[in-house]
């Protein structure tokens with residue numbers, strides 16, 4: 001089992017208040033064949049000092065100017081040498097110590113796996129919403145649905161075929177990437193009915209009404225660029241299901 005290398009990429013910038021939790025969640029994994037890549041945008045807080053405390057956990061660390069979140073993610077993917085690649089935001093943590101072991105044990109012959117995520121307060125104690133990927137189908141892209149991106153782990157060849165994250169989007173480049181990933185001919189993905197990631201509320205894609213309006217605009221643009229029918233009406237139809245996520249925590 002430990003012959004499978006898993007690359008995990010964390011992108012950060014001035015993340016000193018939260019990134020220690022992120023690093024600890026990697027260090028505590030029961031599965032140890034992890035290549036952990038941290039891409040820093042040139043932090044001016046204590047992020048780099050914290051990185052130095054985790055030399056045994058972090059495989060590769062680079063710091064310097066970039067063109068934003070998705071540019072940094074592209075740098076991480078280019079450096080990744082693992083059989084399976086995933087990402088973990090610098091505000092977030094893996095749900096428990098067996099997440100990566102579960103991925104490796106479950107993926108089998110599939111090209112990737114995905115699961116659920118939970119949204120939590122700043123202390124990562126009180127859960128405010130559950131995002132379930134259970135009922136995802138490719139047809140739901142047109143309504144603005146996608147599997148929870150932080151829960152997605154795919155084989156390296158998938159990113160090689162899908163290409164880079166687009167820098168044309170401020171928020172929805174992960175949505176655009178998942179359209180490309182799931183539309184690669186002949187690929188298969190498994191859903192794992194577990195929560196993989198605890199996400200702190202307040203990230204780029206959860207930061208209020210204006211961010212949601214921009215996100216939905218970009219989703220429509222992305223869908224139409226991939227010849228997927230999408231409109232404001234279809235996008236708004238997803239919100240009753242999102243409300244269920246608030247009720248079924």
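The values are calculated or read from the model by the stated rules, or taken from the named source; none is laboratory data. Just so it is clear, the structure is predicted and the values come from calculations on it, not from any experiment. Counting neighbours? That spans all protein chains shown, and the Cβs are built from the backbone with ideal geometry, glycine included.
When residue 93 is tested against the conditions (1) closer than 24 Å to residue 179 by Cα; (2) touching a helix residue (DSSP H, G or I) at 6+ places or on another chain (Cβ under 7 Å), the lone failure is (1).
Within segment 123-154, the residues that satisfy the criterion of being over 16 Å from residue 238 (Cβ atoms) and touching a strand residue (DSSP E or B) at 6+ places or on another chain (Cβ under 6 Å) are 124, 127, 128, 150, 151, 152, 153, 154. Residue 180 passes every criterion in (1) surrounded by 15 or more Cβ atoms within 10 Å (Cβ to Cβ); (2) in contact (Cβ under 8 Å) with a residue 60 or more places away in the chain apart from (2). For residue 58, are the conditions met, namely being buried (at least 18 other Cβ atoms within 10 Å of the Cβ) and under 17 Å from the mean Cα position of the chain (by Cα)? In short, no. Among the residues of this structure, residue 51 does not count as one that is under 21 Å from residue 154 (Cα atoms) and surrounded by 15 or more Cβ atoms within 10 Å (Cβ to Cβ). Per the listing 179, 171, the residue uniquely within 15 Å of the chain's Cα centre (by Cα) and either assigned to a helix (DSSP H, G or I) or farther than 30 Å from residue 67 by Cα (or both) is 179. In segment 26-51, the residues that are on the phi > 0 side of the Ramachandran plot and outside any helix (DSSP H, G or I) form Cβ pairs under 7 Å with partners that are modelled with pLDDT of 95 or more and surrounded by fewer than 13 Cβ atoms within 10 Å (Cβ to Cβ), at six or more places apart or across chains, as follows: 42/64. I'd like to check something: does segment 146-158 contain any residue that is in a helix (DSSP H, G or I), touching a residue at least 12 places away in the same chain (Cβ under 8 Å) and more than 24 Å from residue 32 (Cβ to Cβ)? Within segment 146-158, one or more residues are in a helix (DSSP H, G or I), touching a residue at least 12 places away in the same chain (Cβ under 8 Å) and more than 24 Å from residue 32 (Cβ to Cβ). Test residue 70 against the stated conditions and say whether it is under 25 Å from residue 173 (Cα atoms), in contact (Cβ under 8 Å) with a residue 24 or more places away in the chain and in a strand (DSSP E or B). No. Just one of the listed residues (91, 116, 97, 111) is out of contact with any strand residue (DSSP E or B) (no Cβ under 9 Å at 6 or more places or on another chain) and either at pLDDT 95 or above or surrounded by 20 or more Cβ atoms within 10 Å (Cβ to Cβ) (or both), and it is 97.
Taking the criterion of being in contact with a strand residue (DSSP E or B) (Cβ under 8 Å, 6 or more places away or on another chain) and surrounded by fewer than 20 Cβ atoms within 10 Å (Cβ to Cβ), the residues of segment 1-17 that qualify are 4, 5, 13. Residue 78 meets the conditions (1) under 27 Å from residue 176 (Cα atoms); (2) touching a residue at least 24 places away in the same chain (Cβ under 8 Å) in every case but one. The failed one is (2). Residues of segment 129-139 that are in a helix (DSSP H, G or I) and in contact (Cβ under 8 Å) with a residue 12 or more places away in the chain: 138 alone.
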